[in-house]
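Engineer: The following block contains the structure, expressed as structure tokens.
The values are calculated or read from the model by the stated rules, or taken from the named source; none is laboratory data. The structure displayed is predicted, hence computed values, not measured ones. Virtual Cβ from ideal backbone geometry, glycine too; neighbours counted across all protein chains shown.
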């Protein structure tokens with residue numbers, strides 16, 4: 001062909017006058033196809049110089065028995081638990097798992113997807129680094145909506161129609177905020193990376209709970225952290241409490257930020273919960289050791305369901321795929337880091 005582009009299975013089907021499925025059966029050497037159709041397909045393959053090793057994902061003979069998990073960072077508690085759950089589920093099907101990290105960098109994510117779309121894996125579970133307020137360049141959309149099966153976890157990208165398995169962030173955040181409000185807290189400060197879709201949902205739940213309790217929403221009580229690091233969260237917490245010394249409760253929407261907040265509170269000799277109540281997302285071992293009240297996400301179940309759904313997509317033609325957003329309920333684990341506000345504030 002005159003065009004300088006990769007020849008696809010659709011090109012072969014079009015030239016041979018058959019369906020994509022028929023080309024797949026012929027080149028993949030499975031199923032029942034008439035001799036006449038086989039001849040037409042192989043003639044088209046020869047004429048177009050179509051390479052059988054670049055066949056579409058649905059061809060059984062080309063399965064790599066490998067899936068990929070693309071995450072922000074392996075240091076993140078959510079990510080490590082997710083990968084563990086995916087690996088256990090994948091092993092049941094005899095699959096290997098390739099782990100790719102983006103460090104929350106869009107360019108790294110796109111590079112990984114480019115590589116993975118070159119048929120190195122059968123499917124991808126993706127925790128996208130795209131921000132809720134960001135826009136996607138049209139030239140990159142193909143990596144998210146192409147033939148490679150993708151299941152999103154935790155975060156979604158507006159305008160991308162794919163399966164999403166995540167927590168019910170709005171309701172869980174509403175209930176957590178309501179829990180603090182019922183204790184008498186009205187000045188509830190938030191520390192979060194507010195630019196991800198899931199965190200935006202948590203902020204909406206927080207705001208809705210305040211509204212229903214007739215407590216005025218104050219946008220200045222939301223402190224945004226640009227990166228998931230102890231150093232940055234410690235710095236942001238320090239500046240936030242300087243500006244808002246009357247805050248009686250801190251609500252941390254990303255567990256990766258918690259240790260930085262704890263370090264700042266320790267430096268200031270602020271006691272939990274006597275001086276300030278603390279409620280955090282995602283449970284870790286030190287949360288239990290420090291008796292921190294926590295919203296625990298069903299990460300293991302999210303990983304299992306995402307993996308099972310991915311295998312379904314790998315096994316079915318893309319034309320029949322019915323995408324959905326599935327939300328699982330987190331649990332509020334009440335410990336000893338929250339109490340009625342200090343009346344001296």
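Engineer: Surrounded by fewer than 18 Cβ atoms within 10 Å (Cβ to Cβ), within 21 Å of the chain's Cα centre (by Cα) and under 24 Å from residue 293 (Cα atoms): which single residue out of 212, 137, 171, 154 fits that description?
Structural biologist: Among 212, 137, 171, 154, only 171 is surrounded by fewer than 18 Cβ atoms within 10 Å (Cβ to Cβ), within 21 Å of the chain's Cα centre (by Cα) and under 24 Å from residue 293 (Cα atoms).
Engineer: Right, here's the next one. Can you pull out every residue in segment 221-254 that is under 24 Å from the mean Cα position of the chain (by Cα) and within 22 Å of residue 181 (Cβ to Cβ)?
Structural biologist: Correct list: 222, 223, 251, 252, 253, 254.
Engineer: (1) surrounded by 23 or more Cβ atoms within 10 Å (Cβ to Cβ); (2) over 13 Å from the mean Cα position of the chain (by Cα); (3) not in a strand (DSSP E or B): which one isn't true of residue 108, the others all being true?
Structural biologist: It fails just one condition, (1).
Engineer: How many residues, within segment 32-62, are at pLDDT below 55 and not in a helix (DSSP H, G or I)?
Structural biologist: 5
Engineer: I'd like the full set of residues that are at pLDDT 85 or above and in contact with a helix residue (DSSP H, G or I) (Cβ under 9 Å, 6 or more places away or on another chain), limited to segment 311-323.
Structural biologist: Correct list: 311 only.
Engineer: Tell me, which strands (runs of 3 or more DSSP E) wholly within segment 123-217 include 3 or more residues that are in contact with a strand residue (DSSP E or B) (Cβ under 9 Å, 6 or more places away or on another chain) and more than 26 Å from residue 240 (Cα to Cα)?
Structural biologist: Counting at least 3 such residues, we get 123-126, 150-153, 163-167.
Engineer: Given the residues 252, 272, 314, which is the only one that is in contact with a strand residue (DSSP E or B) (Cβ under 7 Å, 6 or more places away or on another chain), more than 25 Å from residue 201 (Cβ to Cβ) and outside the structural domain of residue 103 (by TED's automatic domain parsing)?
Structural biologist: Result: 272 is the single residue among 252, 272, 314 that is in contact with a strand residue (DSSP E or B) (Cβ under 7 Å, 6 or more places away or on another chain), more than 25 Å from residue 201 (Cβ to Cβ) and outside the structural domain of residue 103 (by TED's automatic domain parsing).
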